[in-house]
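Values quoted throughout were computed directly from the atomic coordinates according to the rules given, and no laboratory measurement underlies them. In this text the structure is predicted, and so the values were computed from the model without any measurement. Reconstructed Cβ throughout: ideal geometry from the backbone, glycine too, with neighbour counts over all protein chains shown.
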């Protein structure tokens, strides 16, 4: 432990630097700050050599623990810092000051939540991640991104409200705000669990991810892919390790995105579905809850941030140069973007868990732990999902973007900073795969594990070869879903239709009420009914952003309930 550096959470300099970047009009200085801040955060991380709670302070009768350093927060903190540095390099070409600022604040908020030792500190950073990250979606500056951002913000504010409500109930019953093991049986535990599940994109709560990420900016999608969902996995590992229902939730998460991803035309949306799939492996690990399983969840989160970021970076480079990531409009780009193609293939092979790459040494921990505890049905689902990953991310992404049919597009290679960021991520994918002991040394528990056994390597290669053969066979006989410029409906179709029907019914009722009031009260009634119509009709203020309006209403209602709970608890 150095005497020259304070025992301070690495989150604070990044958040402060993000605020500073919002004020700096000079491009060069601002970019220098974005590169320096992750290095400062890394120095603060390396400064601590033993577990403990640092940076605690008291305010308003509460103790806020801003820097809890232990085996679990250590590995998440490090990968968040690495991701911040790589993302800063990737965005060097971009001159959007707002994006520079909010990307850093978002990364710092993620770090702050990881190091939070109490539920109030967690809530503060939890909400800050939502508020700062939405600007990465709005930075696209188009109506679709604005509406998606509103929906994204509403669902994440709802997550924060549930977290606060559950935390108040938990603290009033137990007398403690400490963020440790909570469990579903604890008072308020279910509300906290749902709050974490929203950010983790549990099934039926996942649509914000596919809705928002593909509509964000080139740099924004890369940044978004790193923090929010992995923060939720950390929170589940901290508060709900060993909760058996997570095994089945995670198993569903690994399987259902495969079918959507195979037919999706937007390759960034394919990656969003793939993100759901990979999160499922981590959720299963948390649900199993043994030391090996939790090591698997942590290792998978670590490598996933790198290889998923690499895939989003490669597709971002394609979008930056071509102006589209629609599979139906791409193909043949390896001729003009060869380095990007190679980096994409490395990321695709990593996510597919090829031996000697990072995905192989991380995913195997969860599979081994699931089998070890006798959860064979979940294990079979994970094996199926592993084959599906190769189909939709390992093959589909690089194949349709860089090979397949030649679209005739001839563009420049990605800017040097994008290539550098992708190169660093690709190097880490290979290095971790070849030398897994360095990753294992960072894991929360000292549990011996050897990934490169004969049975494991041969079994994984058999699975990968079978999946590649299936893809080739489907392509050969024209059975693989064609890439068409279409919109695929997900489960959000139900509540969108429900919301649309509700607003139409409200509009009809408003019209009837308007007629009754007009007949009864004359001019005053007409004025009042017009205002009602403007508010509640399908074209009115509350229905302009379906389902944003109804989600915002429910968010407000829940916030009011939180205030009542807080009043009663006090």
Can you spot a residue in segment 375-385 that is within 24 Å of residue 250 (Cα to Cα) and under 21 Å from the mean Cα position of the chain (by Cα)?
yes
Among the candidates 48, 53, which residue alone is touching a residue at least 24 places away in the same chain (Cβ under 8 Å), over 23 Å from the mean Cα position of the chain (by Cα), in a loop (DSSP other than H, G, I, E, B) and over 14 Å from residue 222 (Cβ atoms)?
48
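Any idea which of 105, 137, 131 is assigned to a helix (DSSP H, G or I), surrounded by fewer than 22 Cβ atoms within 10 Å (Cβ to Cβ) and within 18 Å of the chain's Cα centre (by Cα)?
131
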Taking the criterion of being more than 19 Å from residue 13 (Cβ to Cβ), free of Cβ contacts under 8 Å to residues at least 60 places away in the same chain and in contact with a helix residue (DSSP H, G or I) (Cβ under 9 Å, 6 or more places away or on another chain), would at least one residue in segment 100-123 satisfy it?
yes
